[in-house]
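Below: the structure, in structure tokens.
The values are calculated or read from the model by the stated rules, or taken from the named source; none is laboratory data. If you're wondering where the values come from, they're calculated on a predicted model, not measured in any experiment. Counting neighbours? That spans all protein chains shown, and the Cβs are built from the backbone with ideal geometry, glycine included.
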Amino acid sequence: MIKLNNKEKILSAAVGLILVIFLLITFVFGPIYEKIGVYDQEIEQAKMIIRKYMAYEHNRAEILTVQKRIEGYSSLKGSDEDKAAIVMSKVEAEARKAKLQISDMSPAGSAKIKGGATVYRMQIRGEAQMKNILDFMSGIENASTLLQIEKIALSNKDETSGVLKLDAIVLGVSFS
Amino acid sequence: MRAQYVSTKDYDNFSPGREKDVSMSAVLGFGYQVAKDDIKFILPELQIKKEMQSNARQLMILGVLLVYILIMLGATALVRLVQKQSYAANLKAKVEKLAENTQELEDITNKLKVAKQYKEPKASALTSLYELARFCPEGITITNFNWEWQKGFSFRGYAQQIPDILAFTNTLSNSEYFKGAQNRYTRRRKVEDKEFVDFEIVVK
């Protein structure tokens, strides 16, 4: 066995101590604090969710009241084709109610949006007096199904008749 | 100095008459440090061994203390970990329980959020037309109206004089609803001796 002098002994003891501390931090304290950090994050998330759920519970009556008002918005049911057909028939019904002369009407695709909803677009072209167009727009915005004018272009058909040409994209929102 | 026998009685009554009778060495003796270990009875090898044993014992105490501190730290960390684990599990269970009751409310709220963005007054073409009609003066005629959801709108028309158009643009841009309205162009045209100015206004 090699005999060490005092300085070497102190040096080797210091190195050994540092090594032990390093090993302890790496393999014992490090993983423990890492795991504690993970649990802290989980706890924070859980607290946030609980706060959100408590707020929902607090406003339960109010939410259920509002839900009754928008119950019709969930009326689009069935396959994508069925939903698109329902939207088209609703738009057509509103156009006819407002005495809008439809020259062309066709589906313009669908897309998923935030909140798990899907929008179905309908393109509609037609002609009418300003009053009828306003009636049509009002009918769309107040429909029992969630319909919305996404794009609309109005222009004079000619300078004398007062008839306007309408080119619009109407969308219907489905929640199911 | 001369030594002199002094009896107890004489000592009590002794008073030095001359400086010669006083011993200074006795006084100085008080000032000197007491000599220690002047004479050592232990061998130097034994002395070193003793010191080595003492140092080893101190090192041992230090090591034990260090190990004790590390164990305490480890134990504290472990206890904390277990506490956090248990608290997280409790909260998770509570979340699951609350989710069962409030899932329906969350779904309704999500629907409402989606519906709200489509039903906002700003998201309505009808509201834009209504507001435009409210601000439109008699001298202005609107011929085209293009509106797109969340992208603003533009309209074209004509007036008899440029100041009418500029005043209309100013009125719109100063209003709350049409903030940022800008006149994109003005162009003069003549129709049967009458002069008109075409314009386009954009609102974003």
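Whether a residue is in the same structural domain as A:VAL170 (by TED's automatic domain parsing) and part of a helix (DSSP H, G or I) was assessed, and A:ALA111 does not pass this test.
Within the range A:114-148, the set of residues being among the small types (Gly, Ala, Ser), assigned to a loop (DSSP other than H, G, I, E, B) and in contact with a strand residue (DSSP E or B) (Cβ under 6 Å, 6 or more places away or on another chain) comprises just one member, A:ALA117. Do we find a residue being in contact with a Leu (Cβ under 9 Å, 6 or more places away or on another chain), surrounded by 15 or more Cβ atoms within 10 Å (Cβ to Cβ) and modelled with pLDDT under 90 anywhere in the range B:60-83? Yes, the range B:60-83 has at least one match.
Of all the criteria given as (1) part of a helix (DSSP H, G or I); (2) in the same structural domain as B:ALA181 (by TED's automatic domain parsing), the one not satisfied by B:ARG156 is (1).
Of the helices (runs of 4 or more DSSP H) lying entirely inside the range A:1-105, those containing at least 3 residues that are within 13 Å of chain B (Cβ to nearest Cβ), closer than 30 Å to B:LEU62 by Cβ and free of Cβ contacts under 8 Å to residues at least 24 places away in the same chain are A:6-24, A:30-58. When each of B:PRO44, B:PRO16 is tested for being within 30 Å of A:ILE10 (Cβ to Cβ) and modelled with pLDDT under 85, the lone residue that passes is B:PRO44.
Conditions tested, residue by residue: (1) basic (Lys, Arg); (2) at pLDDT 90 or above.
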site	(1), (2)
A:ALA46	no, yes
A:GLY72	no, no
A:ASP80	no, no
A:LYS83	yes, no
A:ALA95	no, yes
A:GLN101	no, yes
A:ALA108	no, no
A:LYS114	yes, no
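B:THR143: part of a strand (DSSP E or B), at pLDDT 85 or above and either surrounded by 14 or more Cβ atoms within 10 Å (Cβ to Cβ) or of a type in the set (D, E, K, R) (or both), yes or no? Considered against the rule, which asks whether it is part of a strand (DSSP E or B), at pLDDT 85 or above and either surrounded by 14 or more Cβ atoms within 10 Å (Cβ to Cβ) or of a type in the set (D, E, K, R) (or both), B:THR143 comes out as yes. For B:GLN150, the stated conditions do not hold, so it cannot be described as assigned to a helix (DSSP H, G or I), surrounded by fewer than 18 Cβ atoms within 10 Å (Cβ to Cβ) and among the polar types (S, T, N, Q). Residues that are within 13 Å of B:ILE108 (Cα to Cα) and hydroxyl-bearing (Ser, Thr, Tyr) were ranked within the range A:55-84; the one that is surrounded by the most Cβ atoms within 10 Å (Cβ to Cβ) is A:TYR73.
Residue count for the range A:137-176, restricted to those that are buried (at least 16 other Cβ atoms within 10 Å of the Cβ) and within 27 Å of B:LYS113 (Cβ to Cβ): 21. Which of the residues spanning the range B:159-204 are part of a helix (DSSP H, G or I) and surrounded by 15 or more Cβ atoms within 10 Å (Cβ to Cβ)? Hits for the range B:159-204 are B:ASP164, B:ILE165, B:ALA167, B:PHE168, B:THR169, B:LEU172, B:SER173.
Taking the range B:101-110 as the range and being under 35 Å from the mean Cα position of the chain (by Cα) and closer than 16 Å to A:VAL173 by Cβ as the test, the residues that pass are B:ASP107, B:THR109, B:ASN110.
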